[in-house]
Structure formats: structure tokens, C-alpha cells
1. Report, by residue number, each residue of region B:107-140 that is among the polar types (S, T, N, Q) and out of contact with any helix residue (DSSP H, G or I) (no Cβ under 8 Å at 6 or more places or on another chain).
2. Give the residue, chosen from A:Pro56, A:Pro120, that is in the same structural domain as A:Ala150 (by TED's automatic domain parsing) and either in contact (Cβ under 8 Å) with a residue 40 or more places away in the chain or not acidic (Asp, Glu) (or both).
3. With respect to B:Thr159, determine if the residue is farther than 24 Å from B:Asp56 by Cα, out of contact with any Leu (no Cβ under 8 Å at 6 or more places or on another chain), hydroxyl-bearing (Ser, Thr, Tyr) and crowded, with 16+ Cβ neighbours inside 10 Å.
4. Within region B:76-83, identify whether any single residue is in contact with a Lys or Arg (Cβ under 6 Å, 6 or more places away or on another chain) and at pLDDT 95 or above, and answer yes or no.
5. Out of (1) away from every other protein chain (no Cβ under 14 Å); (2) at pLDDT 95 or above; (3) over 30 Å from B:Gly28 (Cα atoms), what's the single condition that is false for A:Ala150?
6. Need pairs with beta-carbon distance below 7 Å; first residue under 10 Å from B:Glu215 (Cβ atoms) and within region B:158-177, second of a type in the set (S, T, N, Q) and open to solvent by 10 Å² or more (accessible area, probe 1.4 Å); sequence gap 6+ or separate chains.
7. Take the residues of region B:33-48 that are open to solvent by 20 Å² or more (accessible area, probe 1.4 Å) and hydrophobic (A, V, I, L, M, F, W, C): which is nearest to B:Gln14 (Cα to Cα)?
Amino acid sequence: MKVTFTVNGRPTEADDVWEGESLLYVLRERVGLPGSKNACEQGECGSCTVYLDGDPVCSCLVAAGQVQDREVGTVEGLAQGDTLDPVQQAFVDAGAVQCGFCTPGLLVQTHDLLNRAHHPSDAEIREALSGNLCRCTGYEKIMDAVRLAAARKADARDAAPTGLEG
Amino acid sequence: MRSFTYTRPAEPAQPWTELGPDAMYIAGGTNLVDLMKCGVAAPGRLVDIGRLPLADIEVDAATDTLRIGALVPNSDLAAHPVVRERLPVLSRALLAGASPQLRNLATLGGNLMQRTRCGYFRDLAMPCNKRVPDSGCAALDGEHRGHAVLGTSSRCIATHPSDLAVALLALEARVSIDGPNGPRAEPIEAFHLPPGETPERETTLTHGELITAVEVPMTTLGAHSYYLKVRERASFAFAMCSAAVALEVREGTVRAARIALGGVATTPWRAYAAEAALIGGPPSTGAFARAGDAATEGAVPGRDNGHKVELIRRVVARALSTLAATDTPATDTPATDTPATGTPKSPGTGEAPRTGEAPGSTEGEHR
């Protein structure tokens, strides 16, 4: 079947899609966006997290046909050109990346969290990231990165009170 | 995964006309796509009902009823201001389930239809009466420390996995259904079927029928309600034991009580004996402990899951104690396990349940 949808703002068409393919597979193998990672394939690990119509979901559990005419946002869409999103920059600066396999999902999920909660508590961060597993167990640095990104975004809001952020 | 055809109904009023004998409905897909990948579900056709106009949350002021469309995502329902204020047990139960990503996809109807997480059900190499009728039950003599102690039969001891359904049971919700034989509605208590001799049959739905909505009465009881879930880690795990509780206390006497259990029974489980143990008496620590005892009535533990009987006692008593400590209907922090004293968060933010601690770890409110 043919699936037509929007990816990171661009109209996208995938041909010869088998009905049993997941959105994750379509993104990685047919659209050329391998940022979202394929790990558990059952919604447990969050490495495949993408935006679907504005909400983060596990793309491994979305059947290809379900995304027809919908909007998908992937980790590749977070940066503006060569400028990393504040969440991405914070993960770099905090050393929150070990093997990196869980990182794309964590970036998307954190991006969503910080769009909705400007000053999340540690407990809120942990709950928001409860569906993202890091098998390197690098959670302390990940927490540092989320706190850093939240603080930087808050500073940016203070510097630009017109509300360009979030 | 078996090959299948995929279709989205053009006629929203009658999606069953698109169905064949070998077909299944798909909505959010969080459970079905997973089961298709592991081979437990193998439909020849998927009918995508995800875009039917069944995603509204409406308040019927005349009857004080909340009507929730079957396609409302769990995250939206949990964040709905009316749910948070007047049905806190529902919001708490939703936020205690799954992860944010899954709650964004998963729907109300799909949650009520989700299949058990019994490992033998998901393992095609093992016998399972629920997956293949009359093939046997590997859990009876196998690894069953997480399995049910209530509502079991000699053919199945798998737990029902839903948190949401436990809250809806305590709220005496009604399930609206439509299908080839016309619309009908029934109490959620009747909707889920105990395994008995036919564990493969889990609900009253017949082929072609689908849930269209759930109606929840918004009562005084519902406004003073609470959900406690105990699991093996602090978040994103199925319940070892959970309790949805609601109390109506006037002049120091319990006038009405609702208690439903999750994670310990083959269906969402109403603990009537525990409710009866409270009615007419004071909301005291002793009464809550007696309710906890009564909630275990009929429990049949196996070799390795006797701890669930004690868990039921403690979770029920602690849920009631926590609820009783909130004098007025809880209107904020629906995801925390402490009495509602915090600052309301903006809807939809991932909140912070402290749901993993052992029930006996708080000071001696019971036993």
C-alpha cells in the first residue's frame, strides 16, 4: 500500500509498504530517517519515540496505515539547521550519551516534557522518562541533561519575554 | 507476522460492515500491534476505527454523568479537569498505567479490551487455554508469582492488566456498545467475564461489536476516591496489587464505600465484602484493616503467589487510610500517592507517582 504523511513538516510518500510494517520501519527503511532506533519493538524502551500529531508515541507500535495523512516529527527534526535544539545541546554538554541508542527517544520525550513543563521536578522528569530505558544505566547524566535544558530554556524565556520558547 | 489487509471504514456509522470473519478492529494499537508481532494475534484484516467520531468527553449536566468516547486517549482523559476534580480515582489510575508514550496512543476502549500479560499467553511454545482453547494452562504449575488469586478457574489464573478498568468498576461505570445487532449498554462489572471453562472469552463483545463510550456517574463517592498501585518498580509496570477506593463519610460514619482490586484477579474485581465491612461504622484504622481482611474473601493462592493475599489486605487498608486522611474531595496532584496537598500541575505534564514503595513501609496504620 501507499502511505502519505508529513514528516518534520515535509509531505512524504512511501510506496510498496507492507501492511505489517511499523511507522518506525517506514521511517528508517523507506523515508531514510534512521535517527529513531529499533530496540525492543514492543513499546517498552522508548528508543523509537516520535511525535505523532504533536504527542510522543512509540513508533514501533504504530502500524503503517495508521499514519496516513498525519504529522510525524522525528529526532532529525529537532535541530534548526546546524543549531542543535537546547535539549540536544544539553545532552552533549552534560555527557548524557553513552552508547547513544536510547538517546534519540530521550531527546524527543524530553523535548515534549519541556514544552509542557517549564520547571519540572526531578520526580516529574523521572515519570516523564519512565518509558525510555537506557541499558547503559546512564540515568544520572540524563537527569543532569534534562535539568540543564530546562534551566537554559528558562533563561532564554527570561531573555526573550515575547515567548518565543515553548 | 501474518500478512493482513488494512482498511479504514468509509462509513463511520457502521464499521462492522467492513469486517470479515477473520478481521479485528484496531484503534490505538498499543496492545494489538504488539500481540501481532509476537504471533498471539493473527488477523487476516485490520479495520482501523481510530478516526471514528468517538473521541469526545462530554458532561451531561442533567444526569451528572461523564460520557467518555471510546477513542479518547488515556493521557487526555487523565488530564481532563472534570476527571481530575470529580473522579480523582480515574485520573490516578490512568497515570499509574504504562508510560507517557503509551498513554498518548492508548484509548479507553482499547484499555478495556487489552489482553493479559501472562507470559505463557504470549509464548506460542507453551500451552494456554486463553490463546488456544483446551491446550492447557502452563501457569498452574509454572511460574505464577504474579498471577491471580481471585476469580480463577482450573483452566486459567491470568490477571486482568488494566488499572483504568478497576477505577471504572469502583465508579460503577456503564459500557456503551454498538454492533451488527444494534446498540446496547451494560455495567462494566458484567462486561469482563471470569475465565471459568472458557478463558478465551474475556468480554461480552461478540464479533463485530465495539465499545463506543463509557458513562461514569459523577457522585459524591466518586469525588472522594483514590487509587493505590503497588508494583515491582516505581513506574511503568503492571500492578502486583492495586485498589480503587471511594468513601462517603458523614457524621463520623461510613455511609457508602466502593472497593475494587486490580492485579490480583482474572477480571477487575469488586470487593463487596470489604465494602460491607465498612458501612455503618467509623472510618477507623481498625475498620480499614477489617476491610482489607474481607477483601481477600474467596482468594485461592497457588504455590508461589500467596503473598498477593497479604498484599490485598495491606493495599486496601492503606488506600482507605490515605483517602480518609483527605477531608475534602481531592482536587489536585492526581498522580501522587500521598494525600493531595501539592500544587496542581498543568494538565498533561508527566506527574510524579510514588507508587512503588512497599505497602508496609509507611508507619503502622495497619497490621
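The values are calculated or read from the model by the stated rules, or taken from the named source; none is laboratory data. What you are looking at is a predicted structure, and each value in this text was computed from that prediction instead of being measured. Cβ coordinates were reconstructed from backbone atoms using ideal geometry, including for glycine residues, and neighbour counts include every protein chain displayed. Surface accessibility is based on the protein's heavy atoms, side chains included, excluding ligands, DNA and RNA. Shrake-Rupley method; radii C 1.70, N 1.55, O 1.52, S 1.80 Å.
1. Within region B:107-140, B:Gln114, B:Thr116, B:Asn129, B:Ser135 meet the criteria.
2. Exactly one residue qualifies, and that residue is A:Pro120.
3. yes
4. No, every residue in region B:76-83 fails to be in contact with a Lys or Arg (Cβ under 6 Å, 6 or more places away or on another chain) and at pLDDT 95 or above.
5. The single condition A:Ala150 does not satisfy is (1).
6. Between residues of region B:158-177 that are under 10 Å from B:Glu215 (Cβ atoms) and residues that are of a type in the set (S, T, N, Q) and open to solvent by 10 Å² or more (accessible area, probe 1.4 Å), the close pairs are B:Ser176/B:Thr212.
7. Applying the filter and picking the extreme gives B:Ala42.
Yes/no matrix, rows are residues, columns are (1) in contact (Cβ under 8 Å) with a residue 24 or more places away in the chain; (2) open to solvent by less than 30 Å² (accessible area, probe 1.4 Å); (3) touching a helix residue (DSSP H, G or I) at 6+ places or on another chain (Cβ under 6 Å):
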site: A:Pro86; (1), (2), (3): yes, no, yes
site: A:Gly100; (1), (2), (3): no, yes, no
site: A:Asp112; (1), (2), (3): yes, yes, no
site: A:Asn115; (1), (2), (3): yes, no, no
site: A:Arg135; (1), (2), (3): yes, no, no
